[in-house]
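K.L.:
Below: one structure in structure tokens.
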């Protein structure tokens, strides 16, 4: 499988969200990456179901929704109704992770698990076969534009080995600080999906930047 690019709309121009969404839809981006923050699990607040529902009408591409919130299990059906195709929850907030993943799948979405920089990939050893996507946070969650954490390469390699050993079909997604400078090394380490926010939306030509990441 060729690698996938998922621009993060957290870095887009919120005052022009329709035009930004239409631009992404016309680009070679594969997914929309949508970060939902509650100001509790992470020190920032972004947007929720109404915004996702509003931009859903401008694209048929996969909506990759990343929940950085506490008690995500309460809102599974709401995010499905808003237009999510993939719903990712954080390992750090799910006391009953297996149950939450099953509920996401029962609602008709792919189920993802995100890991903060301090969380070892080994915590997924018993459940990796039930996961469709593992999102490795390569920055501390909450704000865009942070510096990439170099240990991410080691985590990706270890996770890829686990996935292969367990014969899991989980994709590995990297979220935070992704640029054309580190994309190749991430892919060589085992990544499948690259999330890029500021690198895409703050560039002079986002469509060309997406093409560059796609062609790495």
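Read-outs throughout are calculated quantities, based only on the coordinates presented, and are distinct from any laboratory measurement. Quick caveat: nothing in here was measured; it's all calculated off a predicted structure. Cβ: placed from backbone, ideal geometry, glycine included. Neighbour counts: every protein chain shown.
K.L.:
Where the eigenvalues come from the Cα gyration tensor of region 4-214, what are the semi-axes √(5λ) of the equivalent ellipsoid, largest first, in whole Å? Mind dumping the intermediate values first?
P.N.:
Details: eigenvalues 114, 88, 47 Å².
Over the Cα atoms of region 4-214, the ellipsoid semi-axes are 24, 21, 15 Å.
K.L.:
By count of other Cβ within 10 Å, fewest leading, how are 58, 79 ordered? Provide the component values of the computation, followed by the final result.
P.N.:
On the way: 58 17, 79 25.
Ascending number of Cβ neighbours within 10 Å: 58, 79.
K.L.:
Using 0.36 nm times the number of residues separating residue 22 and residue 61, minus their current alpha carbon distance, what extension gain do you get? Mind showing how you got there, number by number?
P.N.:
Working: separation 39, 0.36 × 39 = 14.04 nm, distance 1.09 nm.
In short, 13.0 nm is gained.
K.L.:
Assign one of three labels to region 60-161, namely rounded, prolate or oblate, based on the Cα gyration tensor with a ≥ b ≥ c the square roots of its eigenvalues; rounded applies when a/c is under 1.5, prolate when it is not and a/b is larger than b/c, and oblate otherwise. Before the final figure, lay out the partial values.
P.N.:
On the way: a/c = 1.80, a/b = 1.40, b/c = 1.29.
Verdict is prolate for region 60-161.
K.L.:
Taking 0.36 nm per intervening residue step and subtracting the Cα-Cα distance, what contour gain separates residue 150 from residue 78 on full extension? Numbers along the way, then the final one.
P.N.:
Details: separation 72, 0.36 × 72 = 25.92 nm, distance 3.57 nm.
Extra length available between residue 150 and residue 78 comes to 22.4 nm.
K.L.:
Any chance you could run the full-extension gain for residue 15 through residue 166? It's 0.36 nm times the residue separation minus the Cα-Cα distance, nm to one decimal.
P.N.:
Contour length minus Cα-Cα distance gives 49.9 nm.
K.L.:
For region 2-52 and region 146-163, what is the separation of their Cα centres, given in Å?
P.N.:
Taking the Cα centre of region 146-163 as reference, the centre of region 2-52 is 23 Å away.
K.L.:
Within the chain, what percent of beta bridges assigned by DSSP are antiparallel, to the nearest 5?
P.N.:
Details: 1 of 33 bridges.
So the antiparallel bridges amount to about 5 percent of the total.
K.L.:
Let a ≥ b ≥ c be the square roots of the eigenvalues of the Cα gyration tensor of region 2-74; is it rounded (a/c under 1.5), or, if not, prolate (a/b larger than b/c) or oblate?
P.N.:
Working: a/c = 1.96, a/b = 1.56, b/c = 1.25.
The shape class here is prolate.
K.L.:
In nm, to one decimal, how far is the residue 207 label point from the residue 126 one, both placed 7 Å along Cα→Cβ?
P.N.:
Distance between the two pseudo-spin positions: 5.0 nm.
K.L.:
Provide 109, 162 in ascending order of the number of other Cβ atoms located within 10 Å of each residue's Cβ, fewest first. Please list the in-between numbers first.
P.N.:
Details: 109 21, 162 17.
Listed from fewest to most nearby Cβ atoms, that is 162, 109.
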